[in-house]
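Worksheet: the structure to be examined is printed underneath.
The values are calculated or read from the model by the stated rules, or taken from the named source; none is laboratory data. Every value quoted in this text rests on a predicted model; they were computed, and no experiment measured them. Neighbour counts run over all protein chains shown; Cβ positions are idealised from the backbone, glycine included.
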């Protein structure tokens, strides 16, 4: 294979991954534009500009993640059907179909587990967080439904490209390189370190959005990181053992119990 062919293949695979994450960014921009109160818009910005700046920031992160993942993931044997040449050829569903059952089950289990843990931890943060931060803070049917595309597209696809494909693949590659580049790929310890570190950073990444609505306290910070990191570990394991697309399906399924709970809360109010 010539260098030109390799470069063309890399650009094509990178472009496919980048395009997969853009619908989530558009969903996030739309949600910010439609639901951000005027008093919450920073001085000097309008709601449309706030939405655009948020989208540009996410797009830049996505570009970096897709560049890193496109290089690192194949090196360490992390599978993405979108990213390999056969997947680009249109065989994605045929290869993903055997994994869907496990992905949906694990995602739904993770969503219920997080809800139960959220209830168990609520006494420790009740004074800091009057209402669970897992759901919408202003519970109406319109808000729940408006946020659903963000959950499924940004959360299910874009966040997986950022955290698993970009970050976890890169951490795995670095760990594999540092430990001697074993011919059979990175060992379990390298994988678990990459999974846990990316999962904790996934939890930390939820703090800025939470800080916009409540004051962060040590208990609230630990709770938020812990709940999201547990989800990140489940998704990271699925990426390792199955594929990135299985992790995407699981992440989307993870949000189904949260949406249902939010709609139930609206009905009971």
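Going by the conditions given, is residue 235 buried (at least 21 other Cβ atoms within 10 Å of the Cβ) and within 30 Å of residue 97 (Cβ to Cβ)? Steps first, please.
Working: buried (at least 21 other Cβ atoms within 10 Å of the Cβ): yes; within 30 Å of residue 97 (Cβ to Cβ): yes.
The answer is yes for residue 235.
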Out of 108, 72, 51, which single residue is closer than 26 Å to residue 209 by Cα and buried (at least 19 other Cβ atoms within 10 Å of the Cβ)? 51
Of 252, 199, 246, which residue is in contact (Cβ under 8 Å) with a residue 40 or more places away in the chain, over 17 Å from residue 112 (Cβ atoms) and assigned to a helix (DSSP H, G or I)? 246
Those residues that are over 22 Å from residue 155 (Cβ atoms), touching a helix residue (DSSP H, G or I) at 6+ places or on another chain (Cβ under 7 Å) and without any contact (Cβ under 8 Å) to a residue 40 or more places away in the chain, I need them from segment 48-85; list them, please. 48
Kindly list the number of the only condition in (1) assigned to a helix (DSSP H, G or I); (2) more than 25 Å from residue 40 (Cα to Cα) that fails for residue 210. (2)
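Could you pull out the residue among 114, 25, 88 that is at pLDDT below 90, touching a helix residue (DSSP H, G or I) at 6+ places or on another chain (Cβ under 8 Å) and in a helix (DSSP H, G or I)? Please lay out each step first, then the result.
Details: 114 fails: at pLDDT below 90; 25 fails: at pLDDT below 90.
One residue alone meets the criteria, 88.
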